[in-house]
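For reference, the structure discussed in these notes is given below.
The values are calculated or read from the model by the stated rules, or taken from the named source; none is laboratory data. Model, not experiment: these values are computed from the prediction. Glycine also receives a Cβ, built like all others from the backbone with ideal geometry; neighbour counts cover every protein chain displayed. Remember, those area values only see protein heavy atoms, side chains included, never the ligands or the DNA or RNA. Shrake-Rupley method; radii C 1.70, N 1.55, O 1.52, S 1.80 Å.
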Amino acid sequence: MYPINYKMKKKGWMIVIKAIIFDLDNTLVYSDFANNIAYREAVKNVIGADLEICRTRITRDNIARQFPNLSADDMSKVIQEKEHQYEIHINKTILNTALVDALKYMKENNMSPMLLTYSSKHRAEQLLRYHGISNLFSAKYYKEDYEGKSKYKYATSTLGLKGSDIILFENEQEGMKEAVCDGIIQKNIIRFV
């Protein structure tokens, strides 16, 4: 029924973990730099404007805020060009080797780790293939799977998991807050940056 049924003994209690979930961007693979360069090039190529590289991840929402008069058609072109630019700059992503070593150990020991990401399937698979880690997951879920839900709500409701069933590897403070709000127990979240 569940990908794993891993038992751990802790202070006399038997804890059953039914899912080990990994976030992708900036948890398994540091991708902000490539993402931001891709957006910068896309904005420049589509609308001829300069976009500053910043320390935080550039998103579609950032573009919309910075260019409030950008038409829906131009935004679609920016997104399409960003995907093209990301392919060019994927070599600027960096694998989190320490966490990937843990992921490999889990896979080798039949713990069946899962991927849960807000990335599109196309971009996530592109990143996983580039770094050679696509085959390390028992299941992968992408933004297309969530239908407007948070990815953690998806894990707890659609996959039929309780928050106490999940160990989560996440890098973002906001992602951790979202996970807790959606029922994943705080002590089961491992912040890995």
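Taken over segment 161-173, the residue count meeting the criterion of being of a type outside the set (Asp, Glu) and open to solvent by less than 20 Å² (accessible area, probe 1.4 Å) is 6.
Residues checked against (1) under 22 Å from residue 59 (Cβ atoms); (2) polar (S, T, N, Q):
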residue	(1), (2)
91	yes, yes
98	no, no
138	no, yes
147	yes, no
159	no, no
165	no, no
179	yes, no
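So is residue 148 out of contact with any Pro (no Cβ under 6 Å at 6 or more places or on another chain) and modelled with pLDDT under 85 or not? Working first, answer last.
On the way: out of contact with any Pro (no Cβ under 6 Å at 6 or more places or on another chain): yes; modelled with pLDDT under 85: yes.
For residue 148, the condition - out of contact with any Pro (no Cβ under 6 Å at 6 or more places or on another chain) and modelled with pLDDT under 85 - is met.
Suppose we filter 79, 58 for residues that are under 21 Å from residue 27 (Cβ atoms) and not hydroxyl-bearing (Ser, Thr, Tyr); which single one remains? Give the derivation first.
On the way: 79 fails: under 21 Å from residue 27 (Cβ atoms).
The conditions single out 58.
Residues that are surrounded by 20 or more Cβ atoms within 10 Å (Cβ to Cβ), of a type outside the set (D, E, K, R) and under 20 Å from residue 90 (Cβ atoms) within segment 113-135 comprise 115, 117, 119, 124, 127, 128, 133, listed in sequence order. Within segment 21-66, the only residue that satisfies the criterion of being closer than 26 Å to residue 103 by Cβ, open to solvent by 50 Å² or more (accessible area, probe 1.4 Å) and of a type in the set (A, V, I, L, M, F, W, C) is 33. If I filter segment 172-188 for residues that are at pLDDT 90 or above, in contact with a strand residue (DSSP E or B) (Cβ under 6 Å, 6 or more places away or on another chain) and not in a helix (DSSP H, G or I), do I get at least one hit? Checked segment 172-188: at least one residue is at pLDDT 90 or above, in contact with a strand residue (DSSP E or B) (Cβ under 6 Å, 6 or more places away or on another chain) and not in a helix (DSSP H, G or I). Of all the numbered requirements in (1) open to solvent by 30 Å² or more (accessible area, probe 1.4 Å); (2) out of contact with any Cys (no Cβ under 9 Å at 6 or more places or on another chain), residue 176 misses one, and that requirement is (1).
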